[in-house]
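A quick write-up on the structure given underneath.
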Amino acid sequence: MSEEIRFDGKVAIVTGAGNGLGRAHALLLGSRGAKVVVNDLGVSTDGRGSSSAAADAVVAEIRAMGGEAVADHHSVTEGEKIVATALEAFGTVDILINNAGILRDTSFHKMTEEQWDLIQDVHVKGAFRLTHAVWPIMRDKGYGRIVMTASGAGIFGNFGQCNYSTAKSGLIGFANSLAIEGASKNIRVNTIAPIAASRMVIASGLFPEELHDKLKVEDVAPLVGWLCSEQCQDSGGLFEVGGGFHAKYRWERSQGRFLHSNTLSPELVRDNWERITRFDEHSVYHANGGESFKEFFARMESPAKGGNAFVDMEVAANAVSYLETEYDQNDAALYALAVGAAKDPLDRTELLYVNEFAGDDFRVLPTMAVLPATEVFLRAAKSGEPQLEGLNLPFAKGLHGEQYTVMYRPLPPKAKLKHTMRLKAAIDKGKSSVSILAIETTDEHGTPLFYNEVTGFYPGVPGAGLERVASEEINVAPDRAPDAVLADATEVNQALLYRLCGDWNPMHVDPDYAAKAGYEKPFLHGLCTFGYLGRHVIKAFCDNDSRLFKSVRARFASIVMPGDTLETRMWRESATRIIVEMRAVERDVLVLKNGAVELFESVPA
Ligand code: NAI
């Protein structure tokens with residue numbers, strides 16, 4: 001077994017440690033080197049009477065094992081006096097287990113204010129007074145472990161326990177906030193919901209007698225011991241423990257729906273009730289409030305304005321689509337070749353994109369991040385399903401209008417990717433429509449990798465009913481000679497190579513298909529051109545270090561024919577911003593315009 005968990009030199013306060021769970025915690029800590037303050041008021045399970053016997057007996061047990069312990073007979077409602085006992089006996093406090101508790105069960109219609117107050121006083125106020133007194137000590141020493149004792153009644157409620165379940169759920173919220181406030185000072189705060197046949201539980205008749213032997217109070221203490229250990233870094237957790245079973249609880253939120261505020265009414269809520277309350281594979285768990293708000297605000301950005309025969313905005317604005325893909329070094333090398341890298345195999349500058357023997361120096365071209373976005377489109381086209389629920393713009397009429405790709409960090413040599421797609425906007429352009437799809441991508445562990453924005457232009461699909469947004473002339477090329485110009489001739493079979501990266505749209509390979517759509521012959525993928533542009537900027541401004549590439553935006557101005565020479569003209573606007581456009585040289589046609597590339601100042605982690 002691995003190294004034993006010990007508490008040598010640590011001072012622990014355990015409240016209500018004269019009986020049941022508290023006693024088991026105190027014995028475990030005492031047997032492993034902790035100096036223990038055994039607090040207990042010695043009351044009955046409903047809080048009546050008082051006696052020093054219970055605490056004294058447990059102190060004697062710890063001392064008999066060779067451990068160190070002192071008794072404290074105050075009520076937790078005078079928590080600071082218990083902390084004073086610890087300081088007097090041992091000089092500090094490292095561990096606090098808020099465990100003391102009583103019951104005053106009765107159905108709510110019979111509950112008196114006294115019964116209510118007493119329970120809040122012992123459980124919540126008691127935990128507050130002790131924690132408030134140890135908090136500055138723990139902050140000063142940069143160390144602390146605190147355990148709150150909640151209950152299943154606090155999580156789910158229980159008949160006859162309105163007072164108790166309120167107090168117990170209050171402790172969960174208390175611990176969660178303390179965990180946040182204590183994080184920087186190495187104070188970890190967790191909560192347990194125990195199940196054990198203590199005298200309290202036996203008296204309440206909660207479990208059948210035959211279960212009592214199986215639910216020993218000693219079986220709860222090991223989890224508490226782990227939470228109190230120096231090794232355990234968890235904080236803000238809620239753990240169920242009893243009879244050998246150990247588990248963690250968390251909050252789950254349904255995918256939910258945004259209902260547009262212009263049309264909000266109780267009837268609209270009713271009509272969407274099933275979707276609002278449905279838990280399915282799209283439900284989310286947030287580790288903290290920050291994560292939850294981030295997702296909430298991302299959802300709010302989805303507009304819910306208007307709608308027409310092609311776009312049901314109520315549905316599309318709420319729709320989320322998920323996709324998982326993966327790639328390895330072979331895929332990365334194929335992509336690099338397909339966007340013209342390492343054309344001269346003896347020119348070493350771009351070999352690192354195609355040669356896996358480069359080891360740690362192997363690089364993935366950042367513009368490869370566009371491929372999953374393409375895949376989302378193509379999968380939808382193949383299946384005949386809309387790209388997103390409610391978004392029924394005809395795929396066959398769509399043109400790729402604009403592409404925006406942001407790298408959060410360099411692409412690893414291989415990865416399993418998770419993509420989440422939402423509608424950012426659906427726009428009325430008079431006789432045409434525009435959709436902007438936003439796709440966030442993380443690795444398999446949820447680390448954000450990159451973001452794509454795909455603007456689809458649908459000529460001849462009337463946009464009436466959708467939002468009207470004026471076009472902006474952005475990233476205009478300056479009226480001066482470019483700071484850098486790079487050109488590459490594409491091959492006449494370039495599209496046949498690029499399509500192997502996954503962009504199999506027949507428009508780029510099948511002459512009949514292209515002819516039917518009104519084109520002279522298959523033309524090159526816009527995103528292949530886009531890859532050339534990114535590569536040119538990396539060569540010209542990043543000293544060929546693709547990890548410095550932060551983002552790229554460009555509008556597709558005209559189609560590119562395989563065999564065209566692609567010339568990228570680049571204007572440095574600042575140390576980290578380059579304005580770009582691209583021309584098909586032989587035909588003298590602008591093919592990418594209004595483009596900009598942003599660079600990182602240094603390679604991100
Ligand atoms: P228990 O009745 O065996 O032990 C509670 C101890 O707390 C007693 O020794 C009592 O004298 C002491 N105490 C009560 N009021 C006090 C006060 N004001 N100041 C100082 N000490 C005081 O009960 P058990 O089961 O060991 O309960 C421990 C904690 O676990 C309680 O907070 C209880 O609500 C909680 N809990 C227990 C569950 C179980 O299955 N045993 C289930 C869920 C929660």
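Just so you know, all these numbers are worked out from the coordinates, no wet-lab data involved. What you see is a predicted model, and the numbers here were worked out from it, not measured in a lab. A quick note on method: Cβ atoms are made from the backbone with ideal geometry, for glycine too, and the neighbour counts reach across all protein chains shown.
Looking at the chain only, what percent of DSSP beta bridges run antiparallel? Nearest 5 please.
75 percent
Compare the Cα positions of LEU393, PRO413, PHE362 along the charge dipole of region 352-487 (+1 at Cβ of Lys, Arg; -1 at Cβ of Asp, Glu; about the Cα centre) and return the one farthest towards the positive end.
About the Cα centre, the residue reaching furthest to the positive side is LEU393.
Answer rounded, prolate or oblate for region 466-545, using the Cα gyration tensor with square roots of eigenvalues a ≥ b ≥ c: rounded when a/c is under 1.5, else prolate when a/b is larger than b/c, else oblate.
oblate
Between ASP512 and PHE297, how many nm apart are label points set 7 Å from Cα along the C-beta direction?
5.4 nm
For region 143-148, what does the Karplus curve 6.51 cos²θ - 1.76 cosθ + 1.60, with θ = phi - 60°, yield as ³J(HN,Hα) per residue in whole Hz, taken in order and with x for Gly and Pro?
Whole-Hz 3J(HN,Hα) from phi for region 143-148: 7, x, 10, 10, 10, 9.
Among the listed pairs LYS10/LYS248; LYS248/LYS294; LYS516/LYS539, which have their C-alpha atoms separated by more than 32 angstrom in this model?
Where the Cα-Cα span goes over 32 Å, the pairs concerned are LYS516/LYS539.
Taking neighbour counts of Cβ atoms within 10 Å as a proxy for exposure, in what order, fewest first, do LYS35, LYS593 appear? Before the final figure, lay out the partial values.
Numbers: LYS35 25, LYS593 19.
If I rank by nearby Cβ atoms, fewest first, I get LYS593, LYS35.
Grab the beta carbon distance between GLU601 and TYR519, set R0 = 51 Å, and tell me the FRET efficiency rounded to 0.05.
0.75
Which is the longest run of the chain containing none of the chymotrypsin sites (Phe, Trp or Tyr not before Pro) found in DSSP loop states (not H, G, I, E, B) with at most 12 other C-beta atoms within 10 Å?
Numbers: sites that count: PHE159, TRP251, PHE279, TYR285.
Here the longest run is 286-605.
Taking region 120-219, which GluC sites (Glu not before Pro) meet the DSSP loop condition and have no more than 14 other C-beta atoms within 10 Å?
Hits after loop and neighbour filter: nothing returned.
As an exercise, identify the GluC sites (Glu not before Pro) in region 544-605 lying in DSSP coil whose Cβ has no more than 12 other Cβ atoms within 10 Å.
On the way: sites: GLU567, GLU573, GLU581, GLU586, GLU598, GLU601; in loops: GLU586, GLU601.
Of the GluC sites (Glu not before Pro), the ones in loops of region 544-605 whose Cβ has at most 12 other Cβ atoms within 10 Å are GLU586, GLU601.
Classify region 272-419: rounded, prolate or oblate, from the alpha-carbon gyration tensor (a ≥ b ≥ c, eigenvalue square roots; a/c under 1.5 rounded; otherwise prolate if a/b is larger than b/c)? Provide the component values of the computation, followed by the final result.
On the way: a/c = 2.83, a/b = 1.76, b/c = 1.61.
Prolate.
Non-local amide H neighbours of GLY16 (under 5 Å, H modeled in plane, Pro and chain starts lacking H): which ones?
Here ASN39, ASP40, LEU41, ALA100 satisfy the definition.
Mind sorting CYS228, CYS528 by how few other Cβ atoms lie within 10 Å of their own Cβ, fewest first?
Result, fewest neighbours first: CYS528, CYS228.
Quick one: which residues, 5+ away or cross-chain, put their amide H under 5 Å from the amide H of LYS10? H built at 1.01 Å from N.
Those lying under 5 Å, H to H, from LYS10 are LYS35.
Given the Cα-Cα distance of GLN233 and ASP56 and 0.36 nm per residue of separation, how much length would full extension add, in nm?
60.4 nm
Using helices alone, I'd like the mean residue ellipticity at 222 nm for the chain: each DSSP H run of four-plus residues gives -39500 (n - 2.57), total over residue count, nearest 500. Before the final figure, lay out the partial values.
Working: 18 runs with 177 residues, N = 605.
Theoretical 222 nm ellipticity from helices: -8500 deg cm²/dmol.
Taking Cα pairs under 8 Å and at least six residues apart, what relative contact order does the chain come out at, in percent? Intermediate values should be presented prior to the final figure.
Numbers: 1268 pairs, mean separation 51.4, N = 605.
Relative contact order here is 8 percent.
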